[in-house]
Amino acid sequence: VENEIDFQLDSLPASQRPLIPLSWDLAPVVLQGDGDKLRQIVANLIGNALKHCPLGTPIHIGLRPSGDQSLLEVIDNGPGISVEAQKNLFQPFAGRSRSGTGVGLWICRLLAEAHGGRLILQPTKAGCHFTLTLPVTGKAD
């Protein structure tokens, strides 16, 4: 997760990086699965927050174990997703726009489920709060 945060920030124009109040709190967790596919989920969630939030909007990324699960949360205070759009958010082409194909969250949910986990949008008053839950396979050193 930390590598993906660094990659996403490095991909932004240098002039924008100081304008993004991005914070993270990452506890070590051990997962078993396809590393590329898990990274794809993380990249999509972080990338969406960076793409859809106006500059200056706080974004927080958290990773922690919770019993036999790991919880990755990407929380932002951006414009959020309308109640109407939330109904089909994880369907193919639901979020299609000029800046995306609308399949990212659908693919991420399928990948999460293929790893024995789930991806949900938590209800919030403002912004977005995505939670990815995956089984933990051992203890981190």
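The values are calculated or read from the model by the stated rules, or taken from the named source; none is laboratory data. The structure displayed is predicted, hence computed values, not measured ones. All Cβ positions, even for glycine, are placed from backbone atoms using ideal geometry, and neighbour counts span all protein chains on display. Please note that ligands, DNA and RNA were not included when accessible areas were found on the heavy atoms of the full protein model with its side chains. Shrake-Rupley method; radii C 1.70, N 1.55, O 1.52, S 1.80 Å.
Largest first, what is the accessible-area ranking of Phe90, Phe7 with a 1.4 Å probe?
Reading off the accessible areas and sorting them downward yields Phe7, Phe90.
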- Please work out whether the range 16-98 counts as rounded, prolate or oblate from its C-alpha gyration tensor, where a ≥ b ≥ c are the square roots of the eigenvalues and a/c under 1.5 means rounded, while otherwise a/b larger than b/c means prolate and anything else oblate? oblate
- Message: Please compute the per residue accessible area over the chain with all protein chains in place, 1.4 Å probe, rounded to a whole number of Å².
- Response: 59
- Message: Cut-off under 13 Å on the C-alpha distance; same-chain residues fewer than 8 positions from Lys51 excluded. Which aspartates and glutamates are left, in chain and number order?
- Response: Asp76
- Message: Ignoring ligands, DNA and RNA, please state the percent of accessible area on the chain from carbon and sulfur, probe 1.4 Å.
- Response: 52
- Note on the structure: Nearest-0.05 FRET efficiency for Asp34 and Arg64 at R0 = 30 Å, using Cβ-Cβ distance, is 0.85
- With each label point set 7 Å from Cα along the Cα-Cβ vector, what nm distance links Ala27 and Ala85? 3.2
- Would you work out the charge dipole size for the range 13-111 about its Cα centre, treating the Cβ of every Lys and Arg as +1 and the Cβ of every Asp and Glu as -1, and quote it to the nearest 20 debye? 340
- For the chain the mean separation of alpha carbon contacts under 8 Å (6+ apart) over residue count, i.e. relative contact order in percent, is 27
- Probe 1.4 Å - accessible area at Lys37, Å² to nearest ten: 80
- For the chain, average projected area of the Cα convex hull in nm²: 8.6
